[in-house]
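Take a look at the structure set out below.
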Amino acid sequence: MKKNVSKLLTVLLLLSCVSCGNQNNFEEYSFANAGFETGLLTNWTATGDAFSDNSVTIADSSKDKIHVVGNFYLNGESSGNAATGTLQSTTFKLNGNGKIGFMIGAGKNQSLVYVSLHLEDTGEEIGRVSNKFFNSENPNNRMYRIILNASEYIGENVYLKIVDNDAQNDGYNYIMVDDFIVSYLGDEDDGSLVSDARKYTEANKNNVGNEYRHTYHLMPTIGWMNDPNGFTYYDGYYHLFYQHNPYSSNWDTMHWGHAISKDLVVWEDAGVALAPDKTYDKLGVYSGGAIEKDGTLNLLYTCVGDGGVQQQALATSYDGYNFTKRASNPVISSSQRLNSRVTDFRDPYLFEKDGVYYTLIGGKLEGEGGQLILYSSKDLMNWKTIGSVYSSTLTGGGMFECPNLAFFGDKEVIITSPQSIRDSEISNYQNIHSVTYQIGDIDFENGVFTNEFGQDSMEEFDKGFDFYATQVISEEDRVIMLAWMNMWSRSYPTATDQWAGEITLPRELELVDGHIYQKPIREIENYYQNEVILSNIDANNENIALDFRGNTLHLKAEIDVSSLNGGKSGFHLFKGSDEETSIYYDDSLGMVVFNRKNSGVEIDSFDDDGELNVRYASIEPINDVIKLEFFLDVSSIEVFINDGYYTMSGLVYPSEGSDGVEFFATNGSATLNSLVKHDVIVGA
């Protein structure tokens, strides 16, 4: 049912995305310089000091976010808030349907700042519209498409006036306009920032470059993606939300993207779910969780308002797709932050236990380190502060972000993303930020966590490059985790293709003898095709090309390393004429190594993150055998080592045709005891 609702939403968006390119006889109905694309006030007549050639502004990087059409728009702000005046168009005949559609922004005082239509012969005003969507709660310069309907005057000679009579200087006392279309055929905007983002996505999604797009990993349809949020199961679908900037492939003011899936492999875009449109979240709707209550789907998210103040707000949906923010927001205020900095109190993780709702929130202490704070509620609206579950100075100037809680029998496992933990050992904490887990028990009455292995004992989940900000759900027979498959302060090569960010293959977690194993989600096996089985391949200081190629592969290998004697053995993946990604066991180090230095497009780091483009996982062979399971998906590799004791995740950007696979041994001998290959084919 929900899939049909989502498809209907897409159809409605397509119908509503009428632009000037769809206008009939556009040139016949237009008037001179109707979109200010001369870059000057050519054919417009100004009075007063509100408008001049300097008011015609070149669209900058915020063009999509403020809805500029073309390369120029009229921006009255350039003359200052207190400037007043008018701008009059040339005379034109009102033909077609008599509707004039145009973009309008700012205009705080609608009685003083507006656009009017006048008869040529008498100067009589026959129509007036202002920016009825100006949001005093969250004012901004976004322009909206509105319609001046003068259909009863079709055939008359008319002219337009842009009027600014607001002499105040208290913000948004000016007007912005663009793209006048006579005989406009589309609809007005509804003033919703969520609707804006959905329309923009639908209108521009086909402009995204496909060279490095994945086939079985979730990515944004367009724009930027980081932290996954609100991972839950609701009304027959897995729902996953994520931090999202639909208007650019760079991080900016956050929205919540939304995707749904039946099986955690094939994902469908469900449209932007939240946008920053309230005073308390005007600077962004940031990470949080989701939970079902009485048939509704509820999102608890971090809202950021003036001064960067971080609090928690609630939004509710009756259909799983369209959300309403609660009037009583924020439901957890900054006054409940327990000595966390007011600008670092974020990422609520929602869960229910014994009929009570809980949330775990990360905070940066006023001094060194961070903490995790537990809250409880009976209705999701009124929250009681239980206490600081865990605090530590390990993160130094950073904090513990994106907490999760997983249940394994009578054990509670806190999963979080600590910032800035460093280690001199090359196989530990070599990323700028990490994901860790701590095993123990939580006293839900008093908010005390007892770590089974010591106060600050924690284990790193993924030893690769690109793994951060997890989301976890606990089902009856399994715990499932996924993460943002990227990292901060690095280059993002797909940004030039108008998208950036992806989510890992979901993983099933098992707690065995105090260690969490990760296994690929079982549903992925439904997409295996073209099986190839190889065995007993010996390599003695040589590279052996295997008899298959591909960039969407599953490989499961067992390597006998008993004869390496300090050498290296493993695989060259995405192998081309002069590039490859190498993943191998280094016997001299006792480590599996992931080397992407020669993988294709170079990935740069803008911060200290260990050895650039090489990562290590300390591991012991089991009966002289190293087990490696790989998932390749166009521009990503995920490695499960020794049945998922560790994983290593990383993005790579190979050249076209670099899809070979080699088994190798260097400075020693090794035997590929077995290898099973599958193509992972989705959508065929």
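The values are calculated or read from the model by the stated rules, or taken from the named source; none is laboratory data. On a predicted model such as this, the values are computed, not experimentally measured, just so you know. All Cβ positions, glycine included, derive from the backbone under ideal geometry; neighbour counts span all protein chains shown. Quick note on the areas: whole protein, heavy atoms, side chains included, nothing else; ligands and nucleic acids left out. Shrake-Rupley method; radii C 1.70, N 1.55, O 1.52, S 1.80 Å.
Once you keep just the Cα pairs under 8 angstrom separated by 6 or more residues, what percentage relative contact order results for the range 275-422?
Details: 379 pairs, mean separation 23.8, N = 148.
Value for the range 275-422: 16 percent.
Taking only C-alpha pairs under 8 Å that are 6+ residues apart, what is the relative contact order of the chain in percent? Display every interim value, and only then the final one.
Numbers: 1864 pairs, mean separation 64.7, N = 684.
The normalised contact order for the chain reaches 9 percent.
When you take every Cα atom in the range 520-594, what is the radius of gyration, and what is Dmax, the widest Cα pair distance, in Å?
Both quantities, over Cα of the range 520-594: 14.1, 39 Å.
Once you keep just the Cα pairs under 8 angstrom separated by 6 or more residues, what percentage relative contact order results for the range 616-684? Before the final figure, lay out the partial values.
On the way: 53 pairs, mean separation 12.8, N = 69.
That works out to 19 percent.
With a Förster radius of 41 Å, plug the Cβ-Cβ distance of SER562 and GLU475 into 1/(1 + (r/R0)^6) and report the FRET value to the nearest 0.05. Present the calculation step by step, with values, prior to reporting the outcome.
Details: r = 40 Å, r/R0 = 0.97.
That pair, SER562 with GLU475, gives E of 0.55.
Report the Cα centroid-to-centroid distance between the range 148-202 and the range 74-94 in angstrom, as an integer.
Cα centroid to Cα centroid, the span is 13 Å.
Mind giving me the FRET efficiency for GLN455 and ASP319? R0 is 45 Å, r the Cβ-Cβ distance, nearest 0.05 is fine.
Working: r = 45 Å, r/R0 = 1.00.
Efficiency, from the Cβ-Cβ distance: 0.50.
How far is helix 193-204 tilted off the main Cα axis of the chain, in degrees rounded to 10, range 0 to 90?
80
Between LYS262 and ASN207, what FRET efficiency follows from the Cβ-Cβ distance if R0 is 25 Å, with the result rounded to 0.05?
Details: r = 28 Å, r/R0 = 1.13.
In this case the efficiency is close to 0.30.
Calculate the translational D of the range 67-138 in whole µm² s⁻¹ from Stokes-Einstein, where the hydrodynamic radius comes from the Kirkwood formula applied to all Cα pairs, the temperature is 4 °C and the viscosity 1.567 mPa s.
Working: Rh = 14.4 Å.
For the chosen part, D equals 90 µm²/s.
Within the P(r) computed for the chain, what percentage of the Cα pairs occupies the region above 46 Å?
On the way: 66852 of 233586 pairs.
The proportion of pairs with Cα distances above 46 Å equals 29 percent.
Considering only protein heavy atoms and a probe of 1.4 Å, how much of the accessible area of the chain is carbon and sulfur, as a whole percent?
Working: 10990 of 25690 Å².
The nonpolar share, carbon plus sulfur, comes to 43 percent.
Using only Cα positions of the range 423-552, each an equal point scatterer, no hydration layer, compute I(q)/I(0) via Debye at q = 0.21, 0.22 Å⁻¹ and quote the log10 values to two decimals.
Once normalised to I(0) and log-transformed, intensities are -1.31, -1.34.
What distance in nm separates the simple spin-label points at VAL342 and LEU589, each placed 7 Å from Cα in the Cβ direction?
Each label point lies 7 Å from its Cα, and together they span 4.7 nm.
Rounded to the nearest 500, what is the 222 nm mean residue ellipticity of the chain from helices alone, with -39500 (n - 2.57) per DSSP H run of 4+ residues and division by all residues?
On the way: 4 runs with 35 residues, N = 684.
The helix contribution divided over the chain gives -1500 deg cm²/dmol.
Might you tell me the accessible area per residue for the range 35-189, computed with a 1.4 Å probe and given in Å²?
Averaged over the residues of the range 35-189, the accessible area is 40 Å².
Angle between the Cα long axis of helix 2-16 and the longest principal axis of the chain, 0 to 90 degrees, nearest 10?
Helix 2-16 sits roughly 40 degrees off the main axis of the chain.
Please go through the residue pairs LYS278/LYS378; LYS262/LYS353; LYS99/LYS282 and name each one whose alpha carbons sit more than 28 Å apart in this structure.
Values: LYS278/LYS378 25 Å; LYS262/LYS353 25 Å; LYS99/LYS282 33 Å.
LYS99/LYS282, as the Cα separations exceed 28 Å there.
Could you tell me how far the Cα centroid of the range 356-411 sits from the Cα centroid of the range 32-59, in Å?
Answer, in whole Å: 54.
In the chain, which longest range has no chymotrypsin sites (Phe, Trp or Tyr not before Pro) that are both DSSP loop (not H, G, I, E or B) and surrounded by at most 11 other Cβ atoms within 10 Å? If you can, show how the numbers build up before the last one.
Numbers: sites that count: TYR318, PHE606.
Answer - 1-317.
I need two numbers for the range 380-457: Rg to one decimal and Dmax as a whole number, Cα atoms only, in Å.
Calculated on Cα positions, Rg and Dmax stand at 13.8, 46 Å.
What whole-number distance in Å separates the alpha-carbon centres of the range 451-471 and the range 302-319?
Result: 27 Å between the Cα centres.
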